[in-house]
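Written below as structure tokens is the structure these notes are about.
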Amino acid sequence: MFLGLDTGTLVGIIVVIFLALGIFLVAFLAQRYKRCPSNKVLVVFGKGVGSGTAKTIHGGAALVWPLFQDYAYLNLEPITVEIDLRGALSKKNIRVAVPSSFTIGIGTTPAIMTNAAERLLGLDERAVHNQAADIIIGQLRLVIATLAIEEINQDREKFLNLVNENVAIELNKIGLEVINVNIRDITDESGYIEAIGKRAAAEAINAARVEVAEQEKMGASGEARENRERVIAVADEQAKATEGKKKAERDQRIAVARLEAEGRAAEAAAQRQQEVAVAREMAQSDQGKKEADRTRRVAVASFEAEAVDGENTSKAAIAERNATLAEAQAEATRRGEVARVEAQRAVFEKERELERTRLEKEVIVQEEIDKKRVEIEAEAVAERRRREAKGEADAILLKYEAEAEGLRKVLEAKADGYNKLVAACAERPDIAPTLLLIEKMPELVAEQVKAVQNLKIDKVTVWDGGNGGNGTGKGATAGFLSSLIGALPPMHELAEQAGVELPGFLGKLRKSEKEGLGGAEPRA
């Protein structure tokens, strides 16, 4: 007894408790038994998941122990990654644009699912998309860099295989695999692919034209050959018909001749019988014999005439048939020759058109190339001349700017010197004009020299008359020199008129000489 309960009641309570515990345990285990849908990957992580960091299950189920393990799902739905690749550098340094679409998804092989569990678990679709786009762009650029633009454009299968291989290898490292690759277009910035397409189209058009001309030539040749064979077959059949007709006529003549021979044999037999009868009836009158002989001869002549008429008619028919056959053969020959000539003429026409097309293509293309080259050279010459003219203009402008700058600095220096000169002559301002005039003295002397420098005086002859210079005490030569010097503008007069007093070392004029104006000499 336990607390006043009998054994049966106690057993019942224990059974109920165990049943409740069993039901709870079953419900608990059923709740922790996780099944994986076909479009997801079940990732069980925590303690007791095996040698790896997580256990991945696709299309199955696993018991997730509480407290020690947890689980999450990876979505297997495909993700479309749009790649608008621009300016990718190819093997020949030509930049191409390869807009494409990649359909990717998490792989279902054990290794790839493990990579996905390690690198993508907990990321949303946008983050997975960005990681895949970065990997795809890098691998796509790498593949384009290893191929020439002709290989990319012409061998699309090779290009797609390389893209699949390189991108798949890199995507597998993060648990993704490539489902589909769609290269929408391949273009380049320089228009090289378009030029290749135009060239291929032109070559295809030219090849098609050549094939059309070849087929037309073959058709014309075949038609002429069929016409010729038809004419030959008709003539052959006509010849066979004529031959059969001749054989029939020959058989007819043979039959007639045989019948005629039989008739003659019968006639001979009848004649013998008649002769026997005549011999037997020699007693009969000669008139009956003559009549019988006449009848025989008439009959024989009649048969011979009919045979000759038949032969002549047959010969005439044969000659007519021969003439008709010859005319038919001549007409067939003429038509065959005409057809052959027409066929040759058509072939020559097609060959001439083909040659003209080829020449036009070569000449026009060469002329277009020459024209383009001339235009490019003209543009280059014009650009060079524009740049040279701009350079010359810039040089002239810089020259004038430099000259102006130099002149400005000279004038500034002169102005500064004049200011200093005036400041130095502050106590005697009358000295400043004198100093400035002394500065200009070489220029004044140079101008005076220019007045007489072009005079051509080969020789100066002075005739001294011995009059003693008209009482002046000077000779004729001295008077000539004095008058020559007096003819020049007097320096002291010029300075006096300008209000400038020359320095003392240049001499001074005597007062009487100042009043006299003529023949003045400076006195040292």
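Brief remarks on what is shown
- Residue selection: Ala72 satisfies the criterion of being in a strand (DSSP E or B), surrounded by 10 or more Cβ atoms within 10 Å (Cβ to Cβ) and among the hydrophobic types (A, V, I, L, M, F, W, C).
- Across the range 179-205, the qualifying residues are those that are modelled with pLDDT of 80 or more and of a type in the set (S, T, N, Q), and the one among them that is nearest to Lys92 (Cα to Cα) is Thr187.
- Verdict on Tyr400 being surrounded by 11 or more Cβ atoms within 10 Å (Cβ to Cβ), assigned to a helix (DSSP H, G or I), of a type in the set (Ser, Thr, Tyr) and not assigned by TED's automatic domain parsing to the domain that holds Lys240: no
- Only listed residue being surrounded by 13 or more Cβ atoms within 10 Å (Cβ to Cβ) and hydrophobic (A, V, I, L, M, F, W, C), chosen from Val347, Val381: Val347
- Matching residues in the range 75-107 - criterion: being exposed (fewer than 15 other Cβ atoms within 10 Å of the Cβ) and among the hydroxyl-bearing types (Ser, Thr, Tyr): Thr80, Ser101, Thr103
- Restricting Glu379, Glu405, Glu331, Glu337 to those that are assigned to a helix (DSSP H, G or I), more than 45 Å from the chain's Cα centre (by Cα), at negative phi and modelled with pLDDT of 85 or more reduces the list to Glu405.
- Scanning the range 137-171 for residues that are within 16 Å of Gly107 (Cβ to Cβ) and either assigned to a loop (DSSP other than H, G, I, E, B) or touching a Leu at 6+ places or on another chain (Cβ under 8 Å) (or both) yields a total of 1.
The values are calculated or read from the model by the stated rules, or taken from the named source; none is laboratory data. In this text, all values refer to a predicted model and were calculated from it rather than measured experimentally. Glycine gets a Cβ as well: all are built from the backbone with ideal geometry, and neighbour counts include every protein chain shown.
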